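The values are calculated or read from the model by the stated rules, or taken from the named source; none is laboratory data. What you see is a predicted model; the values in this text were computed from it and never measured. Cβ placement follows ideal geometry from the backbone for every residue including glycine, while neighbour counts extend to all protein chains displayed. For accessibility, only protein heavy atoms count, side chains too; no ligands or nucleic acids. Shrake-Rupley method; radii C 1.70, N 1.55, O 1.52, S 1.80 Å.
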Amino acid sequence: MEISLEINGKTARAREGRTIMEAAAAAGVHIPHFCWHKKLSIAANCRMCLVEVAKSPKPLPACATPVVDGMVVRTDSPAAKKAQQGVMEFLLINHPLDCPICDQGGECELQDLAVGYGISRSRYAEEKRVVFEKQLGPLISTDMTRCIHCTRCVRFGREVAGVMELGLTGRGEHAEIMPFVENTVDSELSGNMIDVCPVGALTSKPFRFSARPWELQTKPGISAHDSWGSNLELHCKGPTVMRVVPRENEEINECWISDRDRFSYLALDAPDRGKSPMRREESSHRLSESPWATALDSFAETIRALSGKYGADKIGFLASPNATTEELFLLQKIARGVGCENIDHRLRRRDFSGGEINGYGITVEQMRRREHLLLVGAQPSAELPLLAHLLRRRPRRLALSSVGAAECGAAGNHILARPSQWSGILESVLRAAQSGGGEKNETAAAAGKKLAGKETSILFGGGAVQSPHYPALLEIARAMSREFGATLGVLCGGANGGGAAKTGAMPRAGGMNTAEMLRGGLRAFVLFQCEPEDFAERALLSRALGEAEYVAAIGAHSGGLRDCARLFLPAAAAAETEGTFINGEGRAQTFAAAARPPGLAREGWKILRVLGEKLGLDGFDFSTFAEIRPQFVGEDFYNGGGDGAAAVSKKKNGADDSGGLELDFAPANNGLELAFAPAIYDADMLTRRSPALQKTASGKNAALAQMHPEDLRALGAEDGDWIRFSDSEGGAMEAAAKANPALARGVLLARCGGLFGAENITAEKMQMDKAASG
Amino acid sequence: MTRDGYGLEYRAGENDKSETKAKTGAMADEVIFAPLKSGRDLTVLENYRQTGGYSALEKILREQTPPGELLAAVKESGLRGRGGAGFPTGLKWTFIPRGLPTEVYLVCNSDEGEPGTFKDRDIMRKNPHQLIEGMIIAAYIMGANAGYNYIHGEIWEVYELMERAVADAEAAGYLGEDILGSGFSFRLHNHHGYGAYICGEETALLESLEGKKGQPRFKPPFPASYGLYGKPTTINNAETFACVPFIMREGAEAFAEMGKPNNGGSKIFSVSGHVEKPGNYEVPLGTPFAELLQMAGGMRNGAKLKAVIPGGSSVPVLPAEVIMQTDMDYDSLAKAGSMLGAGSVIVMDESVCMVRALMRLSYFYYEESCGQCTPCREGTGWLHKIVRRIEKGEGREEDLDLLVSVSNRIDGRTICALGAAAATPVRSFIKHFRGEFEHHIRKGECPLDKKAA
Ligand SMILES: Cc1cc2nc3c(=O)[nH]c(=O)nc-3n(C[C@H](O)[C@H](O)[C@H](O)COP(=O)(O)O)c2cc1C
Ligand code: SF4
Ligand code: SF4
Ligand code: FES
């Protein structure tokens, strides 16, 4: 119901239940505040927002006082001003006046308001409080003496990040914000605390002391790390990105971004950043710098020669799903121009049978409202941190995965199992939905009953898509889709999975997909913005690259391919180029370059344009970015949102009437199975090279082989012991172990460096002497 | 809680009631301490029964008296909250929504931490079952099936005693499922606090009960709509509940008539400080202070009265000449410029340095502020530091005005009333004893030290 009130003499209308703060904001009246934050619960503790309300003997906090009909509010009367000035004085008495050396200077809410509400001389003549700084990890710096105890950071942790990593301890003047015991702040959204802190108590550690806000230019950008499509603001000093903060978009990321989005920019000047083209002569072991012209010519010549010698179908083109739509369009155009259909961007997949799903199948907004979300093989906090935030706010969800029970679903809504058991369980859920219960596994039965007849979206995470069982899972999901209209989607498509699919960066009839290319005895590979760590079968890729005659890499960093590439062409990273990303919803977002690529590096689209031209292909004689899009934009290119379900290739399915199937969810094998949960800071070339992210707890864990504590005990091993893993296909790897009780039994969560197989992995504790040398 | 409070409390416990009675009028000890006149140990349930205890409850449950009728009696009795604010209890109990399919909780505030207050522990120590009976009746009135008694953290033996009393009441069928076959169930849990003054503030108490840091909540919503675990909750002081069996047994009128209009019933005053017999005295509201002082044995060693804080450290101090003319009830004390508060009468003789006394009080609030809201967190420290400076002889001419100004900037702008409680003593001490403060500032020393020397 709408009510009417008076604010500063003007009539305003507001919905009942709104606060004075909200009503005033809607009426264009700004009320000073610190603790209030539109996305957090109300604390009403800073008292900066005190206003005068007729008939109330005391000033009232606008942020916490609900409007009532006929209320008369004055935010600027002498009484209100007096109250606000009084609070400001209190806030400043113990605040160090160290603005000249404070990183928040210039964007500090306290500084701003002090100018408006403070007095120039302090009446406070006593000693000031000093609070020791806290060690919160590699991302956040603290200067706790500056803290004004607004508890925004505490509420952010509890309400948004999902973990209460900071709390207000102590009382009165001794009240301090601190982590629990000596913990660091480890949530995947922790960097947002820097933004919510109104003062310089929590600041960005990597950005510290590097620039003043007024020196920075603000450029819009889009996240290049996951399929959410978070909107960013890149703050640049000249040609350099100095920091990244969220750009508000209510429909997507609200006012948050993941730490990955915030701190990956640090990789832009990683040691192996490509700044010059490099070539390796057949006789040499090293890449050495080469002029652009020579490098480009050599590429065209070699590709032509190899096509002539072996046929163009002996070349493979592999591109990152985080490349821009324009880049992917040009890359596939080159591939097809030289007569090659072997092109793919689905690097983290093993089994391509069973059809294709692209995108979420629904929008983020729909995800928020959907009756049920069924997550299969997803680890939201690592794959899509903002999905994890969305899930925390909606209790109706069911998750099936091998890792991270707590974060995927509330108790009773989560089934923890090894990947080879998933299809059995999912089938059981389906049957329970059809028959209304009666399944052996209680969770599955309950889940099935819940899903039946409900608006459900099935979302596959990386753990499912990378697994050899993905085709089976897809088949059951399709049956669910037929049974109760569930939509299907994948979460792990990369920043531009949508663009990659739409521009045809995947094989058509006769072409090879990623798995086939790795096994197809190809003679040459062209890698665009990717390296072996980006592949599900990275050992296999390394072998294939080693056996090929020619490897050309185009990318921002050379590191992962230094040993095998014959040619390296330095390209711009996402922040340095214009481009378009199509996120999991199917939403296209075009961005401009925020920074300049370093050295001789060039935008990917420019490099590809010249390569196409050098190869003598048609359609490469354009000169501006704007000329690319019309080449691929069709009628409905930009409004293809949420067509994932429609894109599912219809395949005959026989699972419907297999009611009598005996299911005990036994794993398909006895050895360990790979969990395929991509480590959050091993997601792509940039995150892998961000020093700050690598120093976080999650960053450090990525290098470890994680297993269920019981499995580790069975090996006679404990945390820190080195384990040797081997598979039946001759692959092997060694890694230090870490017990992780959030894993299913029988599962190995690791960077699967040297392994070819995904199942039947055997593990053995290594001898001490070997461990010492390892 | 201050250590001084302790010493007093134990002395109060040893206080011999029969002797007190001999010295004073017949009206003392009528409500809560009345059964004590039997001379029996009332912590024994059977003894309490024999003095008429639990008979009110039994009658109500037997006759299934409609709760509305009982509520009317509480209203009629004029009972006002004994925890400090003096809010009419009957009115408060009408705020609990009825007929909702949700839990309703009843909470007893036995956290008394206010300097000068030591009555609730004596109620629990001497007559625990009257409190329990009062809570059961209140629960019956409001339809609560679970209740909590939050006991101050530094009186462990009282907590143990209450645990025994609750167990005995359960064994006797007064607590638990289907009480006395009436179909009404009520479980009572004692909860042991940890001694933070702020946990006596009702919403901080609820937070603490929920296992969180004891910090007041912003109100509204009030506990009656959003209380313990988010459910409608009634919270009252222990003395408030302990009055209820009397009202039910003897009638609302008897209770009301005992005091003055709008100030019904008797009140336990915790008298401490420079009197001969510090202790708890239950007298009708409206008893003149002079009479109360006499009950407490008069001034210690015949010293001269200087000032009295009549309701606990949070209420304004009154100089001797004012308090000697004042009756001890809500309205009279308000008229005299102070408050009844929790009925904690701190008596100070001429040897007390008011600057020192204020320093001690301001230290208390500085240490006990929960630190949540700006004016109180920052202001209590500021106040204390200035007063401490004055006491050390380093005061400045402008300090007194600054103290008043800072106090005004705290008062009324905080989440809970602790801010106001910290500001009040500062303003009243300066108002009534400005000269003494000025002497400290100008001369850099205490006039009383000189006298003593
Ligand atoms: C800082 C502070 C401390 C308080 N401490 C107590 C206390 O120890 N005991 C108490 O009964 N009420 C205390 N109160 C008052 C309670 O908040 C509440 O008003 C009272 O328990 C209500 O009970 P009543 O209506 O029976 O008085 C305190 C209030 C404040 C602001
Ligand atoms: S650290 Fe910052 S956000 Fe947290 S309470 Fe202090 S001022 Fe507020
Ligand atoms: S007034 Fe003091 S005690 Fe009360 S909430 Fe504010 S800081 Fe805490
Ligand atoms: S913004 Fe309202 S009290 Fe802080």
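Here are some notes:
- Whole-percent carbon and sulfur share, accessible surface of chain A, 1.4 Å: 51 percent
- Put simply, chains A and B cover up around 3000 Å² of each other's accessible surface, both sides summed, when a 1.4 Å probe is used.
- Whether the range B:71-179 is rounded, prolate or oblate, judged on the alpha carbon gyration tensor where a/c under 1.5 counts as rounded: oblate
- Applying a length cut-off of 27 Å (Cα extent along the axis) and a mean Kyte-Doolittle floor of -0.5 to the DSSP H helices of chain B leaves B:418-443.
- Ordering of A:135-144, B:237-246 by burial proxy (mean other Cβ atoms within 10 Å per residue, highest first): B:237-246, A:135-144
- Straight-distance crosslink candidates among aspartates and glutamates, where the alpha carbon sits under 12 Å from A:Lys237 and sequence neighbours closer than 8 are dropped: A:Glu215
- Global geometry of the range A:220-370, whether rounded, prolate or oblate, following the gyration tensor of its Cα atoms and the 1.5 cut on a/c: oblate
- Restricting attention to the range A:257-411, close to 25% of DSSP beta bridges with both partner residues there are antiparallel.
- Per-residue mean of foreign Cβ neighbours for A:18-26 is 0 (Cβ atoms of other chains, 10 Å radius).
- Filter on B:Lys126/B:Lys267; A:Lys55/B:Lys212; B:Lys267/B:Lys335; A:Lys275/A:Lys606; A:Lys55/B:Lys213 - keep pairs with C-alpha separation over 23 Å: A:Lys55/B:Lys212; A:Lys55/B:Lys213
- Loop-located trypsin sites (Lys or Arg not before Pro) in the range B:168-218, at most 16 other Cβ atoms within 10 Å (DSSP): B:Lys212
- Simple spin-label estimate for B:Ser405 and B:Gln294 in nanometres, 7 Å along Cα-Cβ: 4.8 nm
- The modelled label-to-label distance for the pair B:Glu63/A:Trp214, using points 7 Å beyond Cα in the direction of Cβ, is 8.0 nm.
- Helical contribution to [θ] at 222 nm, DSSP H n ≥ 4, -39,500 (n - 2.57), averaged over chain A, rounded to 500: -7500 deg cm²/dmol
- FRET efficiency estimate (nearest 0.05) - Cβ-Cβ, A:Arg508 to A:Tyr310, R0 22 angstrom: 0.60
- Net charge of the neighbourhood of A:Gln529, taken over other residues with C-beta under 10 Å away and scored Lys/Arg +1, Asp/Glu -1, is -4.
- If R0 equals 56 Å, the separation of the Cβ atoms of B:Arg98 and A:Glu356 corresponds to a calculated FRET efficiency of about 0.40.
- Aspartates and glutamates whose Cα lies under 14 Å from that of B:Lys392, excluding same-chain neighbours fewer than 8 positions away: A:Glu126, B:Glu436, B:Glu438, B:Glu445, B:Asp449
- Order by protection proxy (mean Cβ within 10 Å, highest first), peptides A:47-56, B:294-303, A:467-476, B:426-435: A:467-476, A:47-56, B:426-435, B:294-303
- Beta bridges per DSSP with both ends in the protein assembly as shown, % antiparallel, nearest 5: 55 percent
- Neighbour net charge for B:Thr203 - beta-carbon separation under 15 angstrom, K R +1, D E -1: +1
- Pairs from A:Lys39/A:Lys502; B:Lys277/B:Lys306; A:Lys58/B:Lys92; B:Lys37/B:Lys92; A:Lys81/B:Lys219; B:Lys385/B:Lys431 whose Cα-Cα separation, in the structure shown, is over 25 Å: A:Lys39/A:Lys502; B:Lys37/B:Lys92
- Normalised by the number of residues in chain A, the mean separation of alpha-carbon contacts (under 8 Å, six or more apart) gives a relative contact order of 13 percent.
- A Förster radius of 30 Å, combined with the Cβ-Cβ distance separating A:Gln135 from A:Val115, puts the computed FRET efficiency at roughly 0.40.
- Residue by residue, the range A:739-749 carries 3J(HN,Hα) couplings of 6, 9, x, 7, 8, 6, 5, x, 10, 10, 10 Hz when phi is fed to the Karplus relation 6.51 cos²θ - 1.76 cosθ + 1.60 (θ = phi - 60°); x denotes Gly or Pro.
- Global geometry of the range B:333-395, whether rounded, prolate or oblate, following the gyration tensor of its Cα atoms and the 1.5 cut on a/c: oblate
- Stretch gain in nm, segment A:Glu455-A:Ala79, where the contour uses 0.36 nm per residue and the Cα spacing is subtracted: 130.0 nm
- 5 angstrom amide H check on A:Gly359, placed H, neighbours 5+ away: A:Val490
- Heavy-atom accessible area per residue - the protein assembly as shown, 1.4 Å, Å²: 37 Å²
- In this rough spin-label picture, where each label sits 7 Å from Cα along the Cβ direction, the A:Ser728-A:Glu371 distance is 4.3 nm.
- Rounded percent of accessible protein surface that carbon and sulfur make up, the range B:329-420, 1.4 Å probe: 48 percent
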